[in-house]
Amino acid sequence: MSFESAWIPVGRADDVPLLEGRSVMVGSRRVAIFRMPTGWAAIDHACPHKGGPLADGLVADACVTCPLHGRRFDVFTGRQVGGDDVVATYEVRESGDGTLELLVPADLMVGAEAA
Ligand code: FES
């Protein structure tokens with residue numbers, strides 16, 4: 001059985017304040033979604049260092065700071081600031097009725113519900 005990428009509803013935009021993150025479980029992966037002044041951003045929730053919860057980090061200057069040891073990641077590119085680590089990025093959008101939707105890649109589709 002094969003899957004294609006699909007937009008999945010993951011919550012309400014109103015539940016994510018400006019410059020904060022929320023994590024959602026999508027298929028086999030937990031994803032951190034951030035409301036930024038210029039739009040929405042989504043990256044893997046687990047920090048590649050030791051799994052710190054990136055959705056709970058402080059957000060500033062388009063970056064989130066891991067709450068465990070302070071590595072910083074650009075929430076739009078997934079790249080670590082001043083280092084070589086990278087987290088996966090995802091497309092996220094707000095629908096007309098205020099639902100947040102994540103474009104879930106095919107490899108994460110197992111267990112996720114398509115919109
Ligand atoms: S777990 Fe994120 S910096 Fe260590």
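The values are calculated or read from the model by the stated rules, or taken from the named source; none is laboratory data. These figures come from a predicted structure and were not determined experimentally. As a convention, Cβ positions derive from the backbone with ideal geometry for all residues, glycine included, and neighbour counts pool all protein chains shown.
In segment 3-11, the count of residues that are without any contact (Cβ under 8 Å) to a residue 12 or more places away in the chain, among the aliphatic types (A, V, I, L, M) and closer than 18 Å to residue 90 by Cα is zero.
In segment 42-64, the residues that are under 20 Å from residue 84 (Cβ atoms) form no Cβ pair under 7 Å with any partner that is of a type in the set (Asp, Glu) and within 8 Å of the ligand (Cβ to nearest atom), whether six or more places apart or across chains. Within segment 64-77, does at least one residue satisfy the condition of being more than 16 Å from residue 48 (Cα to Cα), in contact with a helix residue (DSSP H, G or I) (Cβ under 6 Å, 6 or more places away or on another chain), at pLDDT 95 or above and not small (Gly, Ala, Ser)? No, every residue in segment 64-77 fails to be more than 16 Å from residue 48 (Cα to Cα), in contact with a helix residue (DSSP H, G or I) (Cβ under 6 Å, 6 or more places away or on another chain), at pLDDT 95 or above and not small (Gly, Ala, Ser).
Listed here are the strands (runs of 3 or more DSSP E) enclosed by segment 37-94 that have at least 2 residues being within 16 Å of the ligand (Cβ to nearest atom) and of a type outside the set (D, E, K, R): 58-60, 63-65. Report, by residue number, each residue of segment 17-36 that is touching a strand residue (DSSP E or B) at 6+ places or on another chain (Cβ under 7 Å) and in a loop (DSSP other than H, G, I, E, B). The answer is 17, 19, 20, 27.
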